[in-house]
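Okay, structure first, notes after.
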Amino acid sequence: SYHDPSKVSRQILMGEDQLYPGTCEADIICYTAVGLKDAAEGTSCLEGYVCDEATSSTTSQKYLCRAGYVCIYGTTPERSLESPSGQFRMLCPEGFECTDGTTFSNAYRTLCPANYYCPTGTGDSIVGTFANDAVNRDLDANQIDPTKNMHHVTYFSSGDVRVISEHDKKCVEGVSEELKLRYERQWLPENKELNNPYLTYLIKHVKGRPPYQNDSTLTQFNDRKYYRPKDVNLGIKSSLVCARDHKWRLVANAIERKECDCVTFFKVVIAVYRLWKCNSTGILDDLGFSSINEPYNGQRDYWFPRKKRSAVVCVFPTNTTSLNLTHGAVFTTDITKESIATFRNITAGVSNIKEGVPFQFTWTQKLLFQNYDELKGTVKKEYNSELSALRLGNRVNIDPFVYDLYNAVMLVEQYGEYLEGLIWISEGVDEYNGNAIEIPGRFDMCECQNLVKCPNGTVSSTGSNSLADCTPELVQVMRRISIIPSYFHANYSPPASSGNLKLSNVSDFWEISGADYSLPHGPQSYKIGTINVEAFDVAVITLDFTSIHYNLTYGVDFRVSIYVDCKPCPTQYYCDYSKQPATCKFPSVAEQTVRFNDCKNRYQVKSCLDMHGVPVDCKSNQVFSNATFMEPDLYKCQQLPLFCDDQYWKKLIYNVQKDASGMALPTEKQQAANPDFIVDSVWQKSVNKIAKPLPSDLYYLKTPGCCRCEPHLLPYYFMHNSINDPGFPDNKHGFIQLSVL
């Protein structure tokens, strides 16, 4: 047999109208016979694997069950839920993970890890792998959008009546035990829903042979045409149009809590796809029909819609309002961290990528890829390396840029040109401020590493299956608002005498507030100033907590904190106070450094040099204007509490750029100095001359780590909720007056 490398299994292919003994069906493995005269033996496809027709004992373990699903004995490649043993018939149960090759007996073996939650269809929570049920079964975006047609009033239980969408109604019906027991008869015309083209009596009516009928009393059709009966389970009928893993809603929720940036991911996919269309061999990986991970064993194109590259295209029109894989402009700022205003060679409204595409490859590295195949190989190698390190506990996540590039490549490999109908960006409206925003056209096509990770500041136990299982950890601060009203900040006028200054830094330290673009004034909405309380002063503060939602509990969801002579860490920092001195669990030192560098890019002051590169006052007549530049405000950034641990700074001066003759280089060269600051050689020489330097002699400036800044102890009233106000979980939903002295 062509399909049996051993050449001894007895297989009969393309049998017409009847089943021959020994034929290898889709869910049966034809085992190699002991001898040529022995009859072939057959057995069910193994659990955790998918078997196509003509599967032999040699090929029976080629196709692992896809992540997010469970494969029973005898699983076949069919994608429809009407197939009794189709590969997408059974999703991974909630509270558990199902990686590639999960069997029915092991479906309840791998509990969802702590600090994640695993809804139905979870493949790998750590990297956000999901079943992608709707896409796998080729469901239309309009069918599965959970926000459309919200007009079905549905009773779930006593006191739980909801208005749900058309899609959600079908999903509810799909799991109804009552509907699973009901059937309806449908009558199909000739040449309709034919899964086996060799059974001709099911294709067209054969005189004197069932199942085709033209009796109108049976078929309810009066056109005298022939129809065959089909009995449909009502539960399965509803599930056919239900995205049973509800990935669309999961992604939407992750976007709302700022865990997923799907618009940026889609733009990365667009850029990768265009590179594939322009500069590549055009050959797609020979993926299998179940798991999409290596090793690849082929046959995907028969079972899934995938289109090869039909033509080489390197120029994409940008003068359109839509943005998809073939139309619209994607800029470098969309796919890198650089502030460059062009994608690459944009001329006359056309994006030309013949010379390659620059991608942000990692947090610290930007690479120009000349062709798609080079990109694919480099990205896969880096992703697999980081994934291995993640499994060993040597990483906390995959680099987000590597993650996006890898998943963009995998989407191209899975769908080819068919991807054009799955990826696009639409226009939406920000529900907070009414501004126009970009939104992903199809949410379930977004790949998100933190899709089912508990939100910052919350934790969950192993086996969690819902976002509701993530409970506050009471360690991380998510948002910080100054007790000084924002309107007072804006209108505050410092007194003439600095000795009477009661407020300072009223426009600074917004970086530690946690505000974001959901607020009218964006990240700078909440400034965290300082109240200066001198000896014998008393600051009386009245707080109005009446507008705080009744479902929020003091000490659990919100609290009052007083910090004395220090500024706390930015929100979402995780300080470990069990260690002395206290330090951070999150973020990493590398990310703290990134935030510090972002600060230097954000805050800059005018700096002037003379012709010899010596700093001078900008009002001096010695200023060499051609070398004037904007210098990062190092001192300001050093004062921001961005580092968890104490920082010991040597004396740093700007790295002034000079030519070979010692003359100051022009502005653009000064601005591009790398590194931007260097150690002052004069200061370093003076330190080196000290025979027995003290620890304090070795640094110029010390800034305390932000984890050292802890809230001041407050009175008993703020420590306990022993008495609750009627209708509230505490006694702190009214007016509270606090005196600080």
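All of (1) open to solvent by less than 50 Å² (accessible area, probe 1.4 Å); (2) touching a Phe, Trp or Tyr at 6+ places or on another chain (Cβ under 9 Å); (3) farther than 14 Å from T122 by Cα hold for R89 with one exception: (1).
Selection of first residues in segment 721-741 that are open to solvent by 40 Å² or more (accessible area, probe 1.4 Å) and part of a loop (DSSP other than H, G, I, E, B) and of second residues that are at pLDDT 90 or above and among the basic types (K, R), restricted to Cβ pairs under 9 Å at least 6 apart or on distinct chains, gives the following pairs, ordered by first then second residue: N721/K732; D725/K732. Of the numbered criteria (1) modelled with pLDDT under 90; (2) in contact with a helix residue (DSSP H, G or I) (Cβ under 6 Å, 6 or more places away or on another chain), the one P77 fails is (1). From the residues in segment 409-432 that are touching a strand residue (DSSP E or B) at 6+ places or on another chain (Cβ under 9 Å) and part of a loop (DSSP other than H, G, I, E, B), which one is modelled with the lowest pLDDT? Per the criteria, the residue is D430. Residues that are in contact with a helix residue (DSSP H, G or I) (Cβ under 7 Å, 6 or more places away or on another chain), buried (at least 16 other Cβ atoms within 10 Å of the Cβ) and farther than 30 Å from I255 by Cα are absent from segment 530-548.
Among the residues of segment 92-103, the one identified as outside any loop (DSSP other than H, G, I, E, B) and either small (G, A, S) or within 23 Å of E259 (Cβ to Cβ) (or both) is F96. Of note, S426 does not satisfy the criterion of being buried (at least 20 other Cβ atoms within 10 Å of the Cβ) and more than 18 Å from the chain's Cα centre (by Cα).
Taking segment 604-644 on its own, how many of its residues are closer than 30 Å to S513 by Cβ, touching a residue at least 24 places away in the same chain (Cβ under 8 Å) and either open to solvent by 60 Å² or more (accessible area, probe 1.4 Å) or more than 38 Å from the chain's Cα centre (by Cα) (or both)?
So the first thing to find is which residues in segment 604-644 are closer than 30 Å to S513 by Cβ, and the list is 604-607, 630-644.
With touching a residue at least 24 places away in the same chain (Cβ under 8 Å) added as a condition, the list becomes 604-607, 630-634, 636-644.
Going one step further and asking which of them are either open to solvent by 60 Å² or more (accessible area, probe 1.4 Å) or more than 38 Å from the chain's Cα centre (by Cα) (or both), we end up with 604-607, 630, 639.
The total comes to 6.
If you check N601, N597 for being under 23 Å from V396 (Cα atoms) and not aliphatic (A, V, I, L, M), only one passes: N597.
Test S482 against the stated conditions and say whether it is touching a residue at least 24 places away in the same chain (Cβ under 8 Å), part of a loop (DSSP other than H, G, I, E, B) and open to solvent by less than 20 Å² (accessible area, probe 1.4 Å). No: the conditions fail for S482. Count of segment 202-252 residues, restricted to those that are assigned to a loop (DSSP other than H, G, I, E, B), of a type in the set (D, E, K, R) and within 20 Å of L81 (Cβ to Cβ), is 2.
For segment 368-377, the criterion of being exposed (fewer than 15 other Cβ atoms within 10 Å of the Cβ), farther than 15 Å from L275 by Cβ, modelled with pLDDT under 95 and aliphatic (A, V, I, L, M) is satisfied by no residue at all.
Criterion first (at pLDDT below 95, assigned to a strand (DSSP E or B) and over 25 Å from the mean Cα position of the chain (by Cα)) does P295 satisfy it? Judged against the criteria, P295 is not a match.
For segment 442-453, state whether one or more residues are surrounded by 18 or more Cβ atoms within 10 Å (Cβ to Cβ), out of contact with any helix residue (DSSP H, G or I) (no Cβ under 6 Å at 6 or more places or on another chain) and of a type in the set (A, V, I, L, M). The answer is yes; a qualifying residue exists. Just name the residue that is surrounded by the fewest Cβ atoms within 10 Å (Cβ to Cβ) out of those in segment 307-334 that are in contact (Cβ under 8 Å) with a residue 60 or more places away in the chain and in contact with a Lys or Arg (Cβ under 6 Å, 6 or more places away or on another chain). Only one residue fits best here, namely D334. Checking the stated criteria, Y517 turns out to be modelled with pLDDT under 80, at negative phi and either in a loop (DSSP other than H, G, I, E, B) or open to solvent by 70 Å² or more (accessible area, probe 1.4 Å) (or both).
The values are calculated or read from the model by the stated rules, or taken from the named source; none is laboratory data. What you are looking at is a predicted structure, and each value in this text was computed from that prediction instead of being measured. Reconstructed Cβ throughout: ideal geometry from the backbone, glycine too, with neighbour counts over all protein chains shown. Surface areas here come from the heavy atoms of the whole protein model, side chains and all, with no ligands, DNA or RNA. Shrake-Rupley method; radii C 1.70, N 1.55, O 1.52, S 1.80 Å.
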